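Report on one structure; see the data block that follows.
The values are calculated or read from the model by the stated rules, or taken from the named source; none is laboratory data. In this text, all values refer to a predicted model and were calculated from it rather than measured experimentally. Note that each Cβ is placed from the backbone with ideal geometry, even for glycine, and that neighbours are counted across all protein chains shown. Heavy atoms of the whole protein, side chains included, go into the accessibility calculation; ligands, DNA and RNA do not. Shrake-Rupley method; radii C 1.70, N 1.55, O 1.52, S 1.80 Å.
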Amino acid sequence: MSKIVEEVRTATATVDFQHPTTQKVHISTFVGNGGNIPDGHGSFQDDIVVTDNFKISEVSLTLKNLIHTWVGDLTVRLRHLETDTVVELFRRPGQPYFSSSGYSNDLKGDYNFSDNNSYKFEVAAAENSVIPGGNYTSLQPLSAFKNLSAAGTWRLIITDCSAGDSGSLGSWSLNLG
């Protein structure tokens, strides 16, 4: 009796597979000074000078220990002086829709503004007698700074547009990625 041997061959194939990855953005944090916010005249201004020259992919900003009565008095802006790019974080919440003076609610906390946040500061100002510290989206998108060079002077401007209520800022931080 003869033995039959079968050879079994299996086909193999090489497949190139691209595993999706997310590139982690390096974030550089710069810290600015605080101070008193002039009541009803002038502005609090503080500059952070960045010497690192890299293309911006994202920006966030934190106002630390911001205290002020009557949030409707305030306008807060971030300006990159070299490009004259300005973004308003918030502008007299509640004005003119609620009243000509805006909301009378108070600030007492740390407020982070980023395009990645979804809670609108204007909404929080309307719903809380003391606006809770937390993560908010700015009135205008911080993505306006995207693709600019990080190098230059970054100015925080807090303007109290109406006399009678005062406040201060402990410090602020600027995160550039």
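The share of C-alpha pairs in region 64-111 whose separation exceeds 15 Å stands at 52 percent.
Our Cα-only numbers for region 33-105 put the radius of gyration and Dmax at 14.6, 44 Å. Assuming charge only on the beta carbon of Lys and Arg (+1) and of Asp and Glu (-1), the dipole of region 53-146 about its Cα centre is about 80 debye to the nearest 20.
Solvent-accessible area per residue in the chain equals 59 Å², computed with a 1.4 angstrom probe and all protein chains kept. Across q = 0.20, 0.21 Å⁻¹, region 32-177 modelled as identical point scatterers on its alpha-carbon atoms has Debye log10 I(q)/I(0) values of -1.21, -1.32, in the order of the q list.
Put a dot 7 Å past the Cα of N117, heading toward its Cβ, do the same for A163, and the two dots end up 3.2 nm apart.
For region 22-120, the carbon plus sulfur part of the accessible surface works out to 46%, probe radius 1.4 Å.
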